[in-house]
Amino acid sequence: MPEPVQLTKFGVTELEAQHALDRLNVRDVDYADLYFESRTSESVSMEEGIVKRAAKSVSQGVGVRATAGEKTGFAYSDELTKKDLEIAADTARYIANSPKGDSPVPVPTQRRPTRDLYPIERAKAEVATADRVALLNEIDAEARRYDPRIKNVMASFNTEYKVVAVATSDGTLVGDIQPLSRLQITCIAEDGDNRQVGSFGGGGRVGFEYYHEDNRHLGYAREAAREAILNLSAVDAPAGVMPVVLAGGWPGILLHEAIGHGLEADFNRKKTSAFSSLIGKRVASDVCTIVDDGTLPFRRGSLNMDDEGTPTSCTTLIEKGILRRYITDKLNARLMGIPLTGNGRRENYQSVVLPRMTNTFMLAGESDPQDIIRSVKKGLYAVSFGGGQVDITNGKFVFSASEAYLIEDGQITKPVKGATLIGSGPEILTKVSMVGHDLKLDNGIGTCGKDGQSVPVGVGLPTIKIDEITVGGTQR
Amino acid sequence: MHQGQRGTEPATITNGYAQLAADVLSRAKACGATEADIVVADGETFSVQVRVGTVDRLTKAREKRLGLRVFIGKRSATTSTSDFSQDSLERLVADTCTLARAVVEDDVSGLPDAAQMATDQPSLDLYDETVLDTETQIDWAKRGEAAAFATDPRITNSEGAEFDSSSGRVVLANSHGFVGSYKSSNFSLSVSPIATESTTGAMQRDAWYEVQRKFARLASAESIGQEAAGRAVRRLGARKVATKRVPVVFDQETAGSLLANLCGAISGYGLYKRASFLLDKLGQTIASDLMTVYDDGRMAGGFGSRPFDGEGLATRKNTIVERGVLQSYLLDTYSGRKLGLPSTGNASRSVGESPSVGPTNFYLVPGSKSAQEIIGSVKEGLYVTELIGFGINMVTGDYSKGASGFWIENGELAYPVEEITIAGNLKQMFKDIEVIGSDLVFRGRIASPTLKISELMVAGN
């Protein structure tokens, strides 16, 4: 089990937290919490063969929140004195202009998360800068060794060490220590006037040794170099509607954009999502079962508890094509009268809690991935993607391929230049006709943006076939 | 209207921060730094979101941050903290110097030359002393949303309306003895209504917003709400179109995104890393001869205006593109030295990071045609009002994005379209700009009038 996080870590006593919660205890406030956070972020980066930059940032603060019906009052402070907590509490309760509550706030009892998904000792989380520099130097050499046409390698290694504690008006005080790291590599390949880019990366809630296991970092370097070299021979992408086969792993970003955001409870409570009131209805073909699972060890999207202190869980969103659940935070679960799924997340103490995804993926099916490709006469095989985006209300989503190939007569043929794929969330999964038995989770690079807040997430997918989707290339 | 005046405290605090900066700089020197600079930023923000007539979320905060960059010879590192206590700052200086010693020497690293530091610091009309009380700001958001609902019965729901006000101060000091500071403020209202088609139940969202440095310049809440409603309603009944090559008219917002792509491609960092599709193009034709682009760091009240850049150099007005010929990149000291060119005064600095390059007020000089005239000139084509996704390859210029807007038939907007993509290559797209509109409006750092590109691939059915 993780060590319990004490409030004294933030220079605050339990009594002071209790007082602040008591100040928030006015009649119309349904729920209030204090979120204490201390974060240390470090990064080193290299380009042109030298590790030029190192940076470190530390921040600490508290977010104070009160909810009353649908209303949320929120204040935050980077000072943690008794006085600052009081000012923040008075601001947060402004939305509930009502007299003192009748029942007293329960004294928070110290709990610790019931799981320990990322047991990394502080000592192991601290890595000497020289070791990080050495890691990047090895990556640079490996990428250049892969092919002399690799002309520049940009690599960065980022770590974050976050300590949080949540004190709530429903009587809990629970904390967590959340390490996170990511290694990202971009290669530029040049052949005459033809210049192309390739990227690869990975990470998670892992220690530094993770990147050296089986020389994982060198594998990343080769992948980034391979993609850049491959793109030197890429032809223009086709335009129009066609069958698309998505490879396993990171292409799971399709699920994140096409359906994941649309199943976040806030949009559905407000009935602004294309998925509003579709619970129990068919939204995918019966080969599709999709979950959001925050409980996978060491994963980038995993958490022992969400940012409201609720243990994360594995939630079945879509079961054999039928929409089962929305993902919730406390506010939306209470207002909608639906189960709490442990998806209340925030970027930092300066942000409000929103229902957010953790690791979202489709369960493995029964098809052989080779058979899936063989079943396509003319289409696209997409292996890796850049970013994606969705319009929640009309359900239209896009995601952009960074490595893709033409499929001609059941065979993978030429690599094609990146193209954006566009579809409609509530429809796209009804067009999934085959699901491979090769479920793969991504390597730990995903960051999800919502309402201006970024949080780390994971995705996953087996090889799947989508019978038709619009591909935004330039060629007829 | 409830308004007040901010107190006289700011000047004192600025002086306090200047003293704090001087202390940290001398501590860094004692720790072995040969050069250093420091940024201190603080501010207060207020935000209220109203949804369907009631307050959904109210946020209020003050924050502050300090960023330090040190050079030990040709090695450098950057750090930041929100804790200004003596202990914390002592640790910060020690950590920064340790980090700097761990990285590799970089020949061109270092502060700008002392002689280059800004000598004048004009006020540029960036700050408004108006303090709005909570009820006034809630009222603005409520009126904006109510106006959207009142505009059309098909506005049935809302993502809400948000009123934000913020003000802040930046102090920059370095070991050359430069100390600069400025204050700025922002007031904004955005309204995001949802329209529903009664027959199918299909929903469309759109939004409109306005932001100003000075509160008094903000358009009425009602006009912003009405514009937002009109934009959502006009999307109802959107359909796909067949895949074909057609002329494409970009509205102000989407044209601005093309200009942002240009801005990225001429940023010094992308260029020296050879990660831009506009390498080695200085002095060459990169765009239609209709195209002239300026970057003006000293435009009064501009969203990108500031008296000095992120390294303390005076901002200025640079000609970026003149009649299609690339005249200047956007550079800070480091990327300039890498390319053998002087800084253009475009260092942009977030507190905890080493400088990068950013636009100030980057805009395309307007032409003479109205948007309506431009649309009127198209027999069959696309009028794009929204782009989604990240389908741009900055190394090659390959462009493929999700789009929605209107199909143009015989010079008229015939029907709304969605779930389509537009694709081409930015290198060619800038050359294919056929008409530039007269409707330049600044709503951010980057602004463009409506423009027409002769042909792009539209993918749909």
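Test of understanding: extend the Cα→C-beta vector of A:Arg111 to 7 Å, then name every residue of the stretch A:281-309 with backbone N under 16 Å from that spot.
A:303-309
Determine the distance separating the Cα centre of the stretch A:201-262 from the Cα centre of the stretch A:64-95; give it in Å without decimals.
What the calculation gives is 41 Å, centre to centre.
Suppose R0 equals 56 Å. What FRET efficiency, 1/(1 + (r/R0)^6) with r the Cβ-Cβ distance, do B:Asp133 and B:Leu282 give to the nearest 0.05? Write down the numbers at each step before the final one.
On the way: r = 52 Å, r/R0 = 0.93.
Given R0 = 56 Å and the Cβ-Cβ separation, E is 0.60.
Excluding same-chain residues fewer than 8 positions from A:Lys396, which lysines have a Cα within less than 22 Å of its Cα?
A:Lys270, A:Lys271, A:Lys281, A:Lys431, A:Lys450, A:Lys465, B:Lys240, B:Lys244, B:Lys401
Name the residues whose placed amide hydrogens come within less than 5 Å of the amide hydrogen of B:Glu434, ignoring near sequence neighbours (fewer than 5 apart) on the same chain.
Under 5 Å from the amide H of B:Glu434 lie the amide H atoms of B:Lys452, B:Ile453, B:Ser454, each far enough along the sequence or on another chain.
Rounded to whole Å, give me the distance from the Cα center of the stretch A:265-338 to that of the stretch A:371-395.
First find each Cα centre; the distance between them is then 23 Å.
Under the classification rounded if a/c is under 1.5, otherwise prolate if a/b is larger than b/c and oblate if not, where does chain A fall, given a ≥ b ≥ c as square roots of the Cα gyration tensor eigenvalues? Kindly include the intermediate steps, with their values, before the conclusion.
On the way: a/c = 2.42, a/b = 1.42, b/c = 1.70.
It comes out oblate by the Cα gyration axes.
Work out the length of the dipole vector of chain B about its Cα centre, built from +1 on the beta-carbon of each Lys and Arg and -1 on the beta-carbon of each Asp and Glu, and round it to the nearest 20 debye. Don't jump to the answer; show the numbers that get you there.
Numbers: 49 positive and 56 negative charges, 139 e Å.
Here the size comes out at about 660 debye.
Just from its helices, what would the mean residue ellipticity at 222 nm be for chain B, if runs of 4 or more DSSP H residues each count -39500 (n - 2.57) and the sum is divided by every residue, rounded to the nearest 500 deg cm²/dmol?
Working: 9 runs with 108 residues, N = 461.
After summing the helix terms and dividing by residue count, I get -7500 deg cm²/dmol.
State the Cα centre-to-centre distance between the stretch B:353-404 and the stretch B:246-311 in whole Å.
Result: 11 Å between the Cα centres.
Rank B:Ala114, B:Val441, B:Gln252 by how far each Cα sits towards the positive end of the charge dipole of chain B (+1 on Lys, Arg Cβ; -1 on Asp, Glu Cβ) and give me just the farthest.
Farthest along the dipole direction, towards plus: B:Ala114.
Counting only DSSP beta bridges with both residues in chain B, what percent are antiparallel, rounded to the nearest 5? Mind dumping the intermediate values first?
Details: 112 of 120 bridges.
Of all bridge pairs located within chain B, approximately 95 percent are antiparallel.
With viscosity set to 1.306 mPa s and temperature to 10 °C, compute the Stokes-Einstein D of the stretch B:238-461, Rh being the Kirkwood radius across alpha carbon pairs; µm²/s, no decimals. Present the calculation step by step, with values, prior to reporting the outcome.
Numbers: Rh = 17.9 Å.
Answer, rounded: 89 µm²/s.
Can you compute the FRET efficiency between A:Leu230 and B:Asp107 using 1/(1 + (r/R0)^6), with r the Cβ-Cβ distance and R0 = 56 Å? Round to the nearest 0.05.
Numbers: r = 33 Å, r/R0 = 0.60.
Once the sixth-power term is evaluated, E becomes 0.95.
Please give the residues of the stretch A:282-312, grouped as numeric ranges, whose backbone N is less than 13 Å from a label point set 7 Å along the Cα-to-Cβ vector of A:Arg374.
Of the residues in the stretch A:282-312, none has backbone N under 13 Å from the label point off A:Arg374.
Count the DSSP beta bridges whose two residues both fall in the protein assembly as shown, then state the antiparallel fraction as a percent rounded to the nearest 5.
On the way: 231 of 261 bridges.
Roughly 90 percent of the DSSP beta bridges within the protein assembly as shown come out antiparallel.
Going through the cross-link list A:Lys151/B:Lys338; A:Lys52/A:Lys417; B:Lys214/B:Lys369, which pairs have a Cα-Cα distance over 23 Å in this structure?
Values: A:Lys151/B:Lys338 16 Å; A:Lys52/A:Lys417 32 Å; B:Lys214/B:Lys369 30 Å.
Beyond 23 Å: A:Lys52/A:Lys417; B:Lys214/B:Lys369.
Kindly write out, for the stretch A:247-257 in residue order, the coupling ³J(HN,Hα) from the Karplus curve 6.51 cos²θ - 1.76 cosθ + 1.60 (θ = phi - 60°), rounded to whole Hz, with x marking Gly and Pro.
6, x, x, 4, x, x, 4, 3, 5, 4, 7
Using the Karplus equation 6.51 cos²θ - 1.76 cosθ + 1.60 (θ = phi - 60°), what ³J(HN,Hα) coupling, rounded to whole Hz, does each residue of the stretch A:333-341 give in order, writing x for Gly and Pro?
So the Karplus estimates, Gly and Pro as x, are 4, 5, 5, 9, x, 10, x, 7, 9 Hz.
Considering amide H positions built from the backbone, and no H for Pro or chain starts, which residues 5 or more places from B:Arg245, or on another chain, come under 5 Å of its amide H?
Residues meeting the amide H criterion: B:Val458.
Say R0 is 56 Å: what FRET efficiency, to the nearest 0.05, do A:Asp90 and A:Lys320 get from their beta-carbon distance? Could the numbers behind the result be given before it?
Values: r = 51 Å, r/R0 = 0.90.
Efficiency computed from Cβ-Cβ geometry: 0.65.
I'd like to know how the stretch A:299-445 sits against the 2.2 N^0.38 Å rule of thumb: what's its Cα Rg over that expected value?
On the way: Rg = 18.2 Å, N = 147, 2.2 N^0.38 = 14.7 Å.
The value comes to 1.24.
Just add up the charged neighbours of A:Gly425: K/R +1, D/E -1, any other residue whose Cβ is under 10 Å from the Cβ of A:Gly425. Mind dumping the intermediate values first?
Values: positive: A:Lys396; negative: A:Glu257, A:Asp391, A:Glu427.
That sum, taken over residues with Cβ under 10 Å, equals -2.
How big is the charge dipole of the stretch A:380-476 about its Cα centre, in debye rounded to the nearest 20, if each Lys and Arg gets +1 on its Cβ and each Asp and Glu gets -1 on its Cβ? Before the final figure, lay out each step's value.
Details: 8 positive and 10 negative charges, 32 e Å.
My answer is approximately 160 debye.
With a/c under 1.5 counting as rounded, go ahead and sort the stretch B:3-230 into rounded, prolate or oblate using the C-alpha gyration tensor (a ≥ b ≥ c being the square roots of the eigenvalues; past the cut-off, prolate if a/b is larger than b/c, else oblate). Could you put the intermediate results ahead of the total?
Values: a/c = 2.94, a/b = 2.30, b/c = 1.27.
Prolate is the answer for the stretch B:3-230, as a/c is 1.5 or above and a/b outweighs b/c.
B:Val39: net charge of surrounding residues, Cβ under 9 Å, Lys/Arg +1, Asp/Glu -1, itself excluded? Mind showing how you got there, number by number?
Values: positive: B:Arg65, B:Arg69, B:Arg349; negative: B:Asp37.
After counting each charged neighbour, the total is +2.
Determine the calculated [θ] at 222 nm for chain A from helices alone, applying -39500 (n - 2.57) to every DSSP H run no shorter than 4 residues and normalising by the residue count; nearest 500 deg cm²/dmol.
-5000 deg cm²/dmol
What does the charge add up to near B:Thr54, with Lys and Arg as +1, Asp and Glu as -1, over the other residues with Cβ less than 11 Å from its Cβ? Show your work: numbers first, answer last.
Numbers: positive: A:Lys71, B:Arg51, B:Arg57, B:Lys142; negative: A:Glu70, B:Asp56, B:Glu145.
With Lys, Arg at +1 and Asp, Glu at -1, the neighbours total +1.
Rounded to whole Hz and in sequence order, give me ³J(HN,Hα) for the stretch B:243-256 from the Karplus expression 6.51 cos²θ - 1.76 cosθ + 1.60, θ = phi - 60°, writing x for Gly and Pro.
5, 6, 8, 9, x, 10, 9, 9, 6, 4, 5, 6, 5, x
Name the residues whose placed amide hydrogens come within less than 5 Å of the amide hydrogen of B:Gly310, ignoring near sequence neighbours (fewer than 5 apart) on the same chain.
It is B:Ala347, B:Ser348, B:Arg349, by chain and number.
Dipole of the stretch B:151-264, Cα-centred, from +1 at each Lys and Arg C-beta and -1 at each Asp and Glu C-beta, to the nearest 20 debye?
Values: 14 positive and 11 negative charges, 78 e Å.
In total the dipole reaches around 380 debye.
Using 0.36 nm times the number of residues separating B:Lys379 and B:Ser198, minus their current alpha carbon distance, what extension gain do you get?
Numbers: separation 181, 0.36 × 181 = 65.16 nm, distance 3.13 nm.
So the chain would gain 62.0 nm between B:Lys379 and B:Ser198.
Throughout, read-outs are computed from the coordinates displayed, never taken from laboratory work. Small disclaimer: the values here were computed from a predicted structure and weren't measured. Note that each Cβ is placed from the backbone with ideal geometry, even for glycine, and that neighbours are counted across all protein chains shown.
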